[in-house]
Amino acid sequence: MEAQLNSEDAPEGLVKRFQAGRLNVHLYESRQTMGTAAAAAVANELRRQIESRGRAVGIFASAPSQNEFLAALTREPGIDWPRVKGFHLDEYTGMEEDAPQSFRLFLLERLVRRVEFGEFLGLRGEAEDAGAECERYARLLGEDPPDFAVLGVGENGHLAFIDPPFCDFQDPQAVKVVELDEVCRAQQVHDGAFERIEEVPRHALSLTIPTIMARPKLFAVVPGPAKRQAIRAVVEGPVETACPASILRTHTDAHLFIDRESASLLSR
């Protein structure tokens, strides 16, 4: 089902909106207009939560696909950032916070340190006992459940670091140590985080699919030509673990922001 747009009230760059299952898809002309629109939607959710209960708790993604969104989010007016608490989706095992490839550092540099962010809780990739670190983070999430999550989608269709060969839509764990498949590891080279695939860690700490899907509101931000195969699978393929992000089509309040390049293989 496609929404008819009134040019007077349509956001800048919006091409069309439609639904894939329950998933609300927002297609924008460019990566920049998509990022700006996604930031406006997340900012509205932050303001709404702060107004209704005095604070907001969210989960954020770390990847170059988030750059335009995060830059626009830091420019959004009227967000009481000291009342915001943040988690994130994943981190490499053995990764120090200040390492250039650290997903914690990515968010610290692009969001947390650019505003008066209230509290940011990171996954300690450097923890000697990775399993215990997953349990610690799961407890933190359980003690203060996030209102929403901002997601990316991998070239292989993954959410967080839950790659297709290891995806379980009914995973009993909230946070776990995961193995990274070769497509995922190659993407980290494509993204510029590592020079060679041999340098990419083989394991990471990651939130699981049920932990992500339990959030009342989801925002997925997925621009660029490298994601076109994944977006076709998410929107038009079967809901299956071969494309973990296809599960978004079953969520009651999920929003997928894409640009013309990532949407180029869609039939509609």
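The values are calculated or read from the model by the stated rules, or taken from the named source; none is laboratory data. Keep in mind it's a predicted model, so treat the numbers as computed, not measured. Cβ sites come from the backbone with ideal geometry, for glycine too, and all protein chains shown count toward neighbours. When the accessible area is computed, the model is the full protein with side chains, heavy atoms only, and any ligands, DNA or RNA have been set aside. Shrake-Rupley method; radii C 1.70, N 1.55, O 1.52, S 1.80 Å.
Could you work out how far apart the two model spin labels at ARG22 and VAL189 are, taking each label as a point 7 Å from the Cα in the direction of the beta carbon, and quote it in nm?
Going from the ARG22 label point to the VAL189 one covers 3.9 nm.
Mind checking the dipole of the chain: about its Cα centre, +1 per Lys or Arg Cβ, -1 per Asp or Glu Cβ, Debye to the nearest 20?
Numbers: 30 positive and 42 negative charges, 179 e Å.
That gives a dipole near 860 debye.
Roughly how much of ARG139 is accessible, in Å² to the nearest 10, using a 1.4 Å probe?
130
Once neighbouring chains are kept in place and the probe is 1.4 Å, which whole percent of the accessible area of the chain is contributed by carbon and sulfur? List each step's numbers first, then the result.
Numbers: 5310 of 11590 Å².
About 46 percent, which is the carbon plus sulfur part of the accessible surface.
With every protein chain left in place, what is the accessible area per residue of the chain in square angstrom, probe 1.4 Å?
On the way: 11590 Å² over 268 residues.
It amounts to 43 Å² per residue over the chain.
Would you mind computing the Rg to Rh ratio of region 191-268 from its alpha-carbon coordinates, Kirkwood style for Rh? Show your work: numbers first, answer last.
Details: Rg = 14.3 Å, Rh = 14.2 Å.
Here Rg/Rh amounts to 1.01.
How large is the helix-only mean residue ellipticity at 222 nm for the chain, computed as the sum of -39500 (n - 2.57) over DSSP H runs with n ≥ 4, divided by its residue count, in deg cm²/dmol to the nearest 500?
-8500 deg cm²/dmol
If you wrap a convex hull around the alpha carbons of the chain, what volume per residue comes out, as a whole number of Å³? Mind showing how you got there, number by number?
On the way: hull volume 31.7 nm³, N = 268.
Spelled out: Cα convex hull of the chain, divided by residues, is 118 Å³.
Sort 249-255, 192-198, 72-78 by packing, meaning the average of other beta carbons within 10 Å per residue, with the highest value first.
Numbers: 249-255: 17.7, 192-198: 11.9, 72-78: 15.0.
Ranked by mean Cβ neighbours within 10 Å, highest first: 249-255, 72-78, 192-198.
Just need log10 I(q)/I(0) for region 103-189 at q = 0.13, 0.17 Å⁻¹, Debye formula, equal scatterers on the alpha-carbon atoms, no solvent, rounded to two decimals.
-0.53, -0.93
Which value in Å is the Kirkwood Rh of region 108-266 over different Cα pairs?
Working: mean 1/r = 0.0604 Å⁻¹.
Hydrodynamic radius (Kirkwood, Cα pairs) of region 108-266 is 16.6 Å.
Based on the Kirkwood radius over alpha-carbon pairs, what value in µm²/s does the Stokes-Einstein equation return for the translational diffusion coefficient of region 20-154 at 37 °C and 0.692 mPa s? Mind dumping the intermediate values first?
Details: Rh = 15.7 Å.
Rounded, D is 209 µm²/s.
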